[in-house]
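Novice: Got a structure here, written out as structure tokens. Questions coming.
Just so it is clear, none of the values below were taken in a lab; they were calculated from the coordinates. All values derive from a computational prediction rather than experimental measurement. Cβ placement follows ideal geometry from the backbone for every residue including glycine, while neighbour counts extend to all protein chains displayed.
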Amino acid sequence: MAISDKKATAVGDDLSAAPAAPARQSGSPAQECLTEAERQRLRAQVTLAAEAIPLNWPMRTFISRSPLMGFEHLPFNEAVEQARELFGGEGYLSIPEYRAAHLAGRITSRDLSEALRRL
């Protein structure tokens, strides 16, 4: 079960199994407004959906907040994996992207040697 599935279950609200709202006739503004029950359900759905969206995602620029906010208690690799499962982003470049960065000189052979030496 994915983390997002666990959240939906933990909230106790199966959003897909909710009964459809009764059909309304259009016309007066009062008939087009949501009922209080519909408003509460909509608020609950928005709140649940917002839990899965980090405040600074997707990352397009450098920021002062970590995209792993809320995962600080985990080892880094585990935090990246759980965030990937929950948010759908990638925590690392692909192998071809690393190779392209190396060929372009953004990652040098010295950088690689230094990183490997630390292992």
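Novice: How high is the FRET efficiency between residue 115 and residue 94 when r is their beta carbon distance and R₀ equals 25 Å, given to the nearest 0.05?
Specialist: Computed FRET efficiency for residue 115 and residue 94: 0.90.
Novice: What is the distance, in nm, between label points placed 7 Å from the Cα along the Cα-to-Cβ direction at residue 40 and at residue 76?
Specialist: Result for the modelled spin labels: 4.7 nm.
Novice: Right, another one. Under the rule of at least 5 residues apart or a separate chain, name every residue whose amide H is placed under 5 Å from the amide H of residue 107.
Specialist: When sequence neighbours closer than 5 places are left aside, the close amide H contacts are 102.
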